[in-house]
Amino acid sequence: MGLKGWHMFNEIKNMKELGLKKSQISRYLDLDYGTVSKYWNMQVKEFAENMEKVKVRKKILDEYEDEIVGWLRDFPDMSAA
């Protein structure tokens, strides 16, 4: 199904209100049980804060990006791997 972000969060909350159990929601939405559990009691504000953190999360290789791109420009035969 490939639910993402707010849509997934809302689906979990709506199904919870209908009285479905975590395992039922997990199967129906094709989500990991742990994912459903994570959002089960989460408030909207908390979810919004988590979504913002994901947007600005720094990745390990970010600090090396300029150097790697420079190598690839200087040595076009070099493998990007």
Complete set of residues in segment 36-61 that are more than 25 Å from Glu11 (Cα to Cα) and either more than 18 Å from the chain's Cα centre (by Cα) or surrounded by 10 or more Cβ atoms within 10 Å (Cβ to Cβ) (or both): Leu61
Residue that is in contact with a Ser or Thr (Cβ under 9 Å, 6 or more places away or on another chain) and open to solvent by 60 Å² or more (accessible area, probe 1.4 Å), where the choices are Tyr64, Tyr33: Tyr33
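The values are calculated or read from the model by the stated rules, or taken from the named source; none is laboratory data. Just so it is clear, the structure is predicted and the values come from calculations on it, not from any experiment. Note that each Cβ is placed from the backbone with ideal geometry, even for glycine, and that neighbours are counted across all protein chains shown. Surface areas here come from the heavy atoms of the whole protein model, side chains and all, with no ligands, DNA or RNA. Shrake-Rupley method; radii C 1.70, N 1.55, O 1.52, S 1.80 Å.
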